[in-house]
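Trainee: Got a structure for you, questions after.
The values are calculated or read from the model by the stated rules, or taken from the named source; none is laboratory data. All of these numbers come straight from a predicted model, not from anything done at the bench. Note that we place each Cβ from the backbone using ideal geometry, even for glycine, and neighbour counts take in every protein chain shown. Side chains are part of the model used for accessible areas, which takes the heavy atoms of the whole protein and leaves out ligands, DNA and RNA. Shrake-Rupley method; radii C 1.70, N 1.55, O 1.52, S 1.80 Å.
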Amino acid sequence: MPPRRYAPLLSCFVTAAAPAWLSAQTGVAPSVGATEASFEARLLTIPDTASARLMTRTLSASPHMAGTPAQAATRDYVIAQLRSWGLETWTKEYLVYLPQPEVVSAWLTTGPGSTAVRLNLDEPAVRGDRTSAGPQVPPFNAYGHDGDVTAPVVYVNTGLGTDYRTLDSLGVSVRGSIVVARYGRSFRGIKAREAENHGAVGLILYSDPLDDGYVRGEVYPRGPMRPPGGIQRGTVMNPSGDPTTPGAPSTAGAVRLPEDSLPVPRIPVIPMGYGNARRFLAKLAGPAAPEGWQGGLPFQYRVGPGPARLRLKVRSERGAGALHPIWNTFGIIRGTTYPDEWVVVGAHRDAWSPGAGDNVSGTVTVLETARAFAALARAALRPARTVVFVTWDAEEWGLMGSTEWVEELEDSVNAHVVAYINEDDVASGTRFAAAASPSLKPLIRDLTHYVPEPGGHGTVYDAWLREGLSDTSALRLDNLGGGSDFAAFTHHLGIPSASVSFGSLNGVYHSMYDSYAWMTRFGDRGYRAHRAVAQLVSLAVARLANAPILPLDCAALGGELAGYVTDLDSNLAARHWSVPTAALLTALTRLAAAGQAFAAARDSALADDLPAVRAAQVNRWLMQVERRLTRPQGLVSRPWNRSLEFASDVDNGYSTMAFPSVNEAIRFADPSTAERELADLVNHVDQAREAVEQATAALR
């Protein structure tokens, strides 16, 4: 429906649902529930498919890699939009290490005496997509090392540690070879680390058609999947932030580490499409690929080595020439009642390509949310808390913009930010997904009842149920692992964070085909997913910004974490260690009970119209709960990661590891450290519970 016809329906829908809404753990007093429901109903009417489409077309007009003039243009566009809606705006510049490529080349020799053939690594233009025929970011992996190497080829499946152990069992060594790894199952930086650690002199990363090419469906431009020439660019650096200024912001005069000491690969790395990969994978001899290693190309995969040989030549900027400015953008609406409590919603603005999905869709979500709040502010309906709308730069290189900002303003962020909502590649299909800190999961789950799903058949929650799930308890939200800008907030500082999205299987990730044409044909034809994400984010921000008591569910936090003790027991049992976890389970059970007691006390206090001054005292304690599940020294493996709740898996990069301080000690076969880390974890859980109890006391 057109927005004006849609508005009355939404208003009636949310207002009628107000009693159920108030029964959730919202932190809103009954006396203001109707006002808040009206506020949220008006918000829902503003995100618009036409607006999302126009902004997508503008922002994805060309590739806009961080550190380039095209990316500076997106900065100016975002700031102009925010200002046009009446928001207070500013930008923040950092000078970060972004060594852009000068030479990326590869040659193939198929056997003794054959002539080396230079491979065309560029992505071919496709019919009906004008951006694919325009300028493109070179086919490179950021932070791959300079080098000119020639060596036989070895196929290593997905390039994880388990794959190299399989090769060892086959008697195949990769030392001195160029290894070829499929994308998938882990972050590409882990693949580069493992290749280097096992003695490879170079790495090719390619997208196999079994994973996102013709095996999965029609390839672009006939369908949404990756064509033979499509490549996946991306960083191969594992830490977050500027590697020359670890733990400190890259501001003027920053002291920087020398280039030769940086935590980046020491071998050249190049991405390729499966069209090029086929040319040398088909020429490999050696043992047949083990079960599970066979991809979608039409021949028997073999592991090598050789007789196919590759020459890789990579040269990137060095020294001062590798330092480039990046710019975060900010828009703000100051709160009326709790201006010193901030809700931050952000998305990265940079892309390796036109980036219609990754991450113009996230940027558009932030802008549509800002536009909705700005419209209400012009009608004298401002949120109770301050809302900050951010677009981050250089996320694709290693979460640069968000990390540098949090490192520079750590004390302020810790003191003021109550929650962070992150939007990254959020509208490329119709299948709903969400991830959140456990304390925010009940809120996100509840809000799905009030947003129409993109297909027009009920609510997002209804669509969630139709995905073969009849038991509502099975509607689970993921935990936050790695790979996006929430890391600086939740993994570094312990700030509750969340993300929502709609997606589908596709093959354009980090390629030139992630374009406006692809999005309009296959990803989100009517831009209804863009609207639904913006509506859901707007509701989440509104609830977080307006509820007198922050809607953080401490009972859910303790209960979910308690469930992971069973997994911890299994990991310990696999080592045959007698390290007791009873104290941790008891501590988490007590945390959940404290959360339940707080909820009862909160509801009673809100029924009596809790004064704002007392609500602020309560919120200060609630903000401490998950911050107390961090520690200053961080994890043994990664000191920057301070959270003891969750971290990205150190051997995967994307997937989530619960209780990382303990589980990493188990993985590294260190029982004494595991026992010590377990005791420290119990202590932090007890401190978190004490913060909940202090919040309860403040209510009374």
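Trainee: Determine the calculated [θ] at 222 nm for the chain from helices alone, applying -39500 (n - 2.57) to every DSSP H run no shorter than 4 residues and normalising by the residue count; nearest 500 deg cm²/dmol.
Mentor: For the chain, the value works out to -12000 deg cm²/dmol.
Trainee: Dipole of the chain, Cα-centred, from +1 at each Lys and Arg C-beta and -1 at each Asp and Glu C-beta, to the nearest 20 debye?
Mentor: 1640 debye
Trainee: Relative contact order, percent, of the chain when contacts are C-alpha pairs under 8 Å separated by at least 6 residues?
Mentor: With pairs under 8 Å counted, the relative contact order is 17 percent.
Trainee: Work through the residues other than A587 whose Cβ is under 9 Å from its Cβ and net out their charges, Lys, Arg +1 and Asp, Glu -1.
Mentor: +1
Trainee: Accessible area, 1.4 Å probe, largest first: how do Y206, Y516, Y654, Y338 sort?
Mentor: These residues rank, largest area first, as Y654, Y516, Y338, Y206.
Trainee: While we're here: Roughly speaking, what is the stretch gain from R266 to E467, that is 0.36 nm per residue apart minus the C-alpha to C-alpha distance, in nm to one decimal?
Mentor: That pair, R266 and E467, stretches by 67.9 nm at full extension.
Trainee: Any idea of the accessible area per residue across the chain, 1.4 Å probe, to the nearest Å²?
Mentor: 36 Å²
Trainee: Once both axes come from the Cα atoms, what is the angle between helix 30-44 and the longest principal axis of the chain, in degrees from 0 to 90, rounded to 10?
Mentor: Once rounded, the angle reads 40 degrees.
Trainee: Moving on to the next point. If the reach is capped at under 12 angstrom between alpha carbons, list the aspartates and glutamates near K313, excluding any in the same chain fewer than eight residues apart.
Mentor: Those aspartates and glutamates meeting the cut-off are E102, D146, D148.
Trainee: For the chain, with the dipole built from +1 on Lys and Arg beta-carbon atoms and -1 on Asp and Glu ones, taken about the Cα centre, which of N359, V96, V345 lies farthest toward the positive end?
Mentor: Going by the Cα projections, it comes out as N359.
Trainee: Tally Lys/Arg at +1 and Asp/Glu at -1 over every other residue whose Cβ is under 13 Å from the Cβ of L262; what's the total?
Mentor: -1
Trainee: Give the Debye-formula value of log10 I(q)/I(0) at each listed q (0.17 Å⁻¹), with one equal scatterer per alpha carbon of the range 504-581, two decimals each.
Mentor: After summing over all Cα pairs, the log10 values are -0.82.
Trainee: Can you tell me the dipole magnitude for the range 192-277 around its Cα centre, using point charges on the Cβ only (Lys, Arg +1; Asp, Glu -1), in Debye to the nearest 20?
Mentor: Dipole magnitude for the range 192-277 comes out near 160 debye.
Trainee: Determine the sum of side-chain charges near S51: Lys and Arg each +1, Asp and Glu each -1, restricted to other residues whose C-beta is under 10 angstrom from that of S51.
Mentor: With Lys, Arg at +1 and Asp, Glu at -1, the net is +1.
Trainee: Under 8 Å for C-alpha pairs, at least 6 residues apart: give me the relative contact order for the range 85-175, rounded to a whole percent.
Mentor: Computed over the range 85-175, the figure is 18 percent.
Trainee: Can you give me the C-alpha center-to-center distance between the range 160-174 and the range 619-696, rounded to a whole angstrom?
Mentor: After rounding, the separation between the Cα centres reads 33 Å.
Trainee: For the chain, give the percent of accessible area contributed by carbon and sulfur heavy atoms, probe 1.4 Å, rounded to a whole number.
Mentor: About 53 percent, which is the carbon plus sulfur part of the accessible surface.
Trainee: Only one of the values (1) 116, 63, 47; (2) 81, 64, 53; (3) 87, 62, 57 was calculated from this structure for Cα extents along the principal axes in Å; name its label.
Mentor: (3)
Trainee: Follow-up. I'd like the orientation of helix 582-607 relative to the chain: the angle between its Cα long axis and the longest Cα principal axis, in ° from 0 to 90, rounded to 10.
Mentor: The answer is roughly 40 degrees.
Trainee: Under the rule that an exposed site lies in a DSSP loop and has at most 15 other Cβ atoms within 10 Å, name the longest stretch of the chain with no GluC sites (Glu not before Pro) of that kind, not counting the sites themselves.
Mentor: Looking at the chain, 468-700 is the longest stretch - no exposed GluC sites (Glu not before Pro) with at most 15 other Cβ atoms within 10 Å.
Trainee: Just the C-alpha atoms of the range 334-458: what Rg/Rh do they give, with Rh taken as the Kirkwood radius?
Mentor: Taking Rg over the Kirkwood Rh, I get 0.97.
Trainee: Return the aspartates and glutamates within reach of K283: Cα separation strictly under 20 angstrom, same-chain partners fewer than 8 residues apart disregarded; answer none if there are no such residues.
Mentor: Cα-Cα hits under 20 Å: D208, E291.
Trainee: Let me ask you something else. Using Cα centres only, tell me the gap between the range 112-139 and the range 319-361 in whole Å.
Mentor: One Cα centre to the other: 31 Å.
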